[in-house]
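Here is the structure we will look at, set down as structure tokens.
The values are calculated or read from the model by the stated rules, or taken from the named source; none is laboratory data. Not measured: the values here are computed from a predicted model. Quick reminder, even Gly has a Cβ in these numbers, built from the backbone with ideal geometry, and neighbours come from all protein chains shown. When the accessible area is computed, the model is the full protein with side chains, heavy atoms only, and any ligands, DNA or RNA have been set aside. Shrake-Rupley method; radii C 1.70, N 1.55, O 1.52, S 1.80 Å.
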Amino acid sequence: MKRLGDILIDSGFLTAAELAEALGAQQGTTKKLGEIIVEMGLLSELDILRAISSQYDTPIIDLQNVDIDPEATKIVTEDYCKENAVIPIGFENERLVVAIYDPLNILVADDLRFRTGHEIIPMLAPKKAIEEAITRSYGKESAQKAAADLESELDLSALQDLGEQITDEVNQAPVVKLVNSMIDFAVRANASDIHVEPMADRVRVRIRIDGVLSEIMSNPIGARDAIITRIKILSGLNIAEKRIPQDGRIQTIIGGKQIDMRVSILPTVHGEKTVIRILAKNDANLNRKYLGINAHNNEMIDKIVKVPQGIVLISGPTGSGKTTTLYTLLAEKNDAETNIITVEDPVEIQIPGINQVQVNVKAGMTFASGLRSILRQDPDIILVGEIRDGETAEIAMRAAITGHLVFSTIHTNDAVSSINRLIDMGLEPFMVSSALIGVASQRLVRRICPNCRAEYDPDEVEIKALNLKPGQKLYIGKGCTECGGSGYKGRIAIHEIVVMTKEMKALLEKRATEEEMRNLAVRQGTQLLSTSAAELVVEGITSVREMNRVTYSID
């Protein structure tokens, strides 16, 4: 069999001089020649596969558009696939079809033939695509197998309602493996939350991906206490207490990334329900382009953040990306001349150069007390993670009118209602109008999966609602293996931004209705959430159904 260098030269992908340079760079390392060539930027991984494909008449397969047969993955372990960068795809006339990254390694094909008892049909695929396919195919299976092991290896009936006595049992391999597999799968699937929900006859486990929940496993009801107790142990909670809510944290490393998880436990009629919020640390791309802010709204935001003092609010429900937007705006202000201090619960992303304070209610460190202390630290810019009550709101407002730029979040339905929410908290309208610079409300809508995106002819209702031109198409995701059949992959933010102009402040001070303020805001350039979402529908980024799910309201 030819060596890779010879194949690349014969196929015209590489010159002899470039090969010599790559071989020189390879000396003294344990890396393969292909890795060196890609790292040097001489060729892409796909170029190398194309050269091998043409030389040996082996097709390249797009794993994102292939339904992998679960029966095929059962005959080869996940560890073996990871170690050798291969994954079984399915069967063809009793031969095993395998996606492989390094087809020049004949030992892998021979070993697979020996291990499985099947003749091998090799296909080529990039290494990253194979790794993603392994995660998709084996992750859920591992979690479900762990649940089956728990049921078969432990006396589940003996574990129910034993409180502290089950500590030894829940540290046994089956329970540990189940909880670890559940968390590992959720993290690798880019889930934001894990829900462990006791029901009358079972324990349901669901994960939230792109804002939508889906069930990944079902455990016998007898496993309830063992699972919850194991989670309590990991998060440092009281395993004997089952009558009141508890909050804790878990920190771990998965896939080389530090993962911080917030744990919330709530007693229900069928037992304790657990929600684990997954926060990937130091993994944020803090720029506006990443947020998906359109050109019009970027101009509106610029009007707000350029004001040297006052308060800027980001509103929206839990999980709408408010914190990421705040961090992005804060990162733009972060320089050696500016003292930025935050008080957060929790500190989700650590930003070098910014002093970040963690709320600790048990120790007396609340948003209000933390904010008071921050004001004695000579800050230029302050970030308050959330305005939850009138006390915090008043301190933040006073900081804003005494020379500080304050950023914070608030839970409201839209930008205009955020203004009145502050008044409902007990603040005087004149104080709000003096301190408030502007409000940005945001939501997250799911993106149509690019791998199964298809166009269709809109109906009369859609044409009228979106003001479409004759013959204009809309798009939808049909569902594929890459998006788990949902038709969506990833999310993008939509925004509604209100700038506190002189006219808006005048309306506020005379206690105008929300409708009056909203009409003025639109006249002054505010793009409503529904309008922002409609733009994405017309551009083919999201669907009409998703737009209605996120922004629909009864007039």
_Residues located in segment 466-475, provided they are on the phi < 0 side of the Ramachandran plot and either open to solvent by less than 80 Å² (accessible area, probe 1.4 Å) or touching a His at 6+ places or on another chain (Cβ under 8 Å) (or both)_ = LEU466, LEU468, GLN472, LYS473, LEU474, TYR475
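Do you know which of the residues in segment 443-457 that are of a type outside the set (Val, Ile, Thr) and part of a strand (DSSP E or B) is farthest from the chain's Cα centre (by Cα)? Write out each step before concluding.
Step one: of segment 443-457, the residues of a type outside the set (Val, Ile, Thr) are 443-444, 446-447, 449-457.
Narrowing the set further to residues that are part of a strand (DSSP E or B) leaves 443-444, 446-447, 453-456.
Numbers: ARG443: 14, LEU444: 11, ARG446: 11, ARG447: 13, ARG453: 21, ALA454: 25, GLU455: 27, TYR456: 29 Å.
Result: TYR456.
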*Given the conditions (1) out of contact with any strand residue (DSSP E or B) (no Cβ under 7 Å at 6 or more places or on another chain); (2) at pLDDT below 90; (3) within 26 Å of ARG518 (Cα to Cα), which single one is not true for GLY403?*
(3)
*asked:* Just to be sure I understand, how many residues within segment 476-486 are part of a loop (DSSP other than H, G, I, E, B) and either loosely packed, with under 15 Cβ neighbours inside 10 Å or among the small types (Gly, Ala, Ser) (or both)?
replied: 5
*For segment 50-77, enumerate the residues that are open to solvent by less than 40 Å² (accessible area, probe 1.4 Å), in contact with a Ser or Thr (Cβ under 9 Å, 6 or more places away or on another chain) and in contact (Cβ under 8 Å) with a residue 60 or more places away in the chain.*
ILE52, LEU63, VAL66, ILE68, THR73
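Any idea which of LYS289, LYS333, LYS322 is basic (Lys, Arg) and more than 24 Å from GLY370 (Cβ to Cβ)?
Working: LYS333 fails: more than 24 Å from GLY370 (Cβ to Cβ); LYS322 fails: more than 24 Å from GLY370 (Cβ to Cβ).
Result of the check over LYS289, LYS333, LYS322: LYS289.
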*In the list VAL175, VAL203, which residue meets the criterion of being assigned to a helix (DSSP H, G or I) and not hydroxyl-bearing (Ser, Thr, Tyr)?*
VAL175
_Filter result (touching a residue at least 40 places away in the same chain (Cβ under 8 Å) and more than 33 Å from the chain's Cα centre (by Cα)) within segment 81-114_ = PRO103, LEU104, ILE106
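I'd like to check something: does segment 125-145 contain any residue that is over 22 Å from the mean Cα position of the chain (by Cα), open to solvent by 20 Å² or more (accessible area, probe 1.4 Å) and modelled with pLDDT of 80 or more?
Going through segment 125-145, the residues over 22 Å from the mean Cα position of the chain (by Cα) turn out to be 125-127, 144-145.
Imposing the further condition that a residue be open to solvent by 20 Å² or more (accessible area, probe 1.4 Å) reduces the set to 126-127, 144-145.
Imposing the further condition that a residue be modelled with pLDDT of 80 or more reduces the set to 126-127.
Among the residues of segment 125-145, at least one is over 22 Å from the mean Cα position of the chain (by Cα), open to solvent by 20 Å² or more (accessible area, probe 1.4 Å) and modelled with pLDDT of 80 or more, which makes the answer yes.
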*Considering each residue of segment 117-127, count those that are farther than 15 Å from ILE68 by Cβ and either in contact with a Leu (Cβ under 6 Å, 6 or more places away or on another chain) or touching a residue at least 24 places away in the same chain (Cβ under 8 Å) (or both), and give that number.*
7
*asked:* Which residue is surrounded by the most Cβ atoms within 10 Å (Cβ to Cβ), if the candidates are limited to segment 520-555 and must be part of a helix (DSSP H, G or I), in contact (Cβ under 8 Å) with a residue 40 or more places away in the chain and among the hydroxyl-bearing types (Ser, Thr, Tyr)?
replied: SER532
*Pairs, please: C-beta under 9 Å, at least 6 apart or cross-chain, first residue over 22 Å from GLU132 (Cα atoms) and aromatic (Phe, Trp, Tyr) and in segment 173-186, second open to solvent by less than 20 Å² (accessible area, probe 1.4 Å) and part of a helix (DSSP H, G or I)?*
none
*Here are some residues: ARG3, ARG95. Which one is touching an Asp or Glu at 6+ places or on another chain (Cβ under 9 Å) and over 30 Å from PRO450 (Cβ atoms)?*
ARG95
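Filter segment 509-519 down to the residues that are open to solvent by 50 Å² or more (accessible area, probe 1.4 Å) and not β-branched (Val, Ile, Thr), then identify the one that is nearest to MET300 (Cα to Cα). Please lay out each step first, then the result.
Step one: filter segment 509-519 for residues open to solvent by 50 Å² or more (accessible area, probe 1.4 Å), giving 509-511, 513-516, 519.
Imposing the further condition that a residue be not β-branched (Val, Ile, Thr) reduces the set to 509-511, 514-516, 519.
Details: GLU509: 23, LYS510: 25, ARG511: 24, GLU514: 20, GLU515: 20, GLU516: 20, ASN519: 17 Å.
Selected residue: ASN519.
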*List, please: which pairs have Cβ atoms under 7 Å, are six or more places apart or on different chains, and start with a residue in segment 206-227 that is open to solvent by less than 10 Å² (accessible area, probe 1.4 Å) and end with one that is modelled with pLDDT under 85 and β-branched (Val, Ile, Thr)?*
ILE207/ILE216; ALA226/ILE166; ALA226/VAL170; ALA226/VAL175; ILE227/VAL175
*Looking only at segment 238-276, which residues are more than 26 Å from the chain's Cα centre (by Cα) and crowded, with 17+ Cβ neighbours inside 10 Å?*
ILE239, LYS242, GLY271
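Can you give me the ranges of the strands (runs of 3 or more DSSP E) entirely in segment 68-140 with at least 1 residues that are farther than 27 Å from ILE216 by Cα and of a type outside the set (D, E, K, R)?
Working: elements: 86-92, 95-100, 120-124.
Hits in segment 68-140: 95-100, 120-124.
If you go through segment 424-436, how many residues are more than 31 Å from the chain's Cα centre (by Cα) and either in contact (Cβ under 8 Å) with a residue 40 or more places away in the chain or open to solvent by 40 Å² or more (accessible area, probe 1.4 Å) (or both)? Walk me through it before giving the result.
Restricting attention to segment 424-436, the residues satisfying the condition of being more than 31 Å from the chain's Cα centre (by Cα) are 424-435.
Among the residues that remain, those that are also either in contact (Cβ under 8 Å) with a residue 40 or more places away in the chain or open to solvent by 40 Å² or more (accessible area, probe 1.4 Å) (or both) are: 424, 426, 428-430, 432-435.
Here the count works out to 9.
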*GLU503 is checked against (1) within 35 Å of the chain's Cα centre (by Cα); (2) not in a strand (DSSP E or B) and fails just one. What number does that condition carry?*
(1)
*Identify, by number, the condition in (1) closer than 30 Å to PRO308 by Cα; (2) surrounded by 22 or more Cβ atoms within 10 Å (Cβ to Cβ) that ARG446 doesn't meet.*
(1)
*Flag if ALA109 is crowded, with 16+ Cβ neighbours inside 10 Å, at pLDDT 85 or above, in contact with a strand residue (DSSP E or B) (Cβ under 7 Å, 6 or more places away or on another chain) and under 15 Å from MET123 (Cβ atoms)*: no
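Kindly indicate the residue of segment 451-461 that is surrounded by 15 or more Cβ atoms within 10 Å (Cβ to Cβ) and closer than 22 Å to ALA534 by Cβ and also modelled with the lowest pLDDT among those meeting that condition.
Here is the first cut: in segment 451-461, the residues surrounded by 15 or more Cβ atoms within 10 Å (Cβ to Cβ) are 451-453, 458.
Now narrow it down to the ones that are closer than 22 Å to ALA534 by Cβ: 453, 458.
Values: ARG453: 89, PRO458: 92.
Only one residue tops the list, namely ARG453.
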*Looking at (1) among the β-branched types (Val, Ile, Thr); (2) open to solvent by 30 Å² or more (accessible area, probe 1.4 Å); (3) not in a strand (DSSP E or B), which is the one condition that is false for ILE419?*
(2)
*List every residue pair whose Cβ atoms sit under 9 Å apart, with the two residues 6 or more apart in sequence or on different chains, where the first one lies in segment 443-454 and is within 19 Å of ALA493 (Cα to Cα) and the second, anywhere, is among the charged types (D, E, K, R) and buried (at least 24 other Cβ atoms within 10 Å of the Cβ).*
ARG443/GLU496; VAL445/GLU546; ARG446/GLU546; ARG447/GLU546; ILE448/GLU546
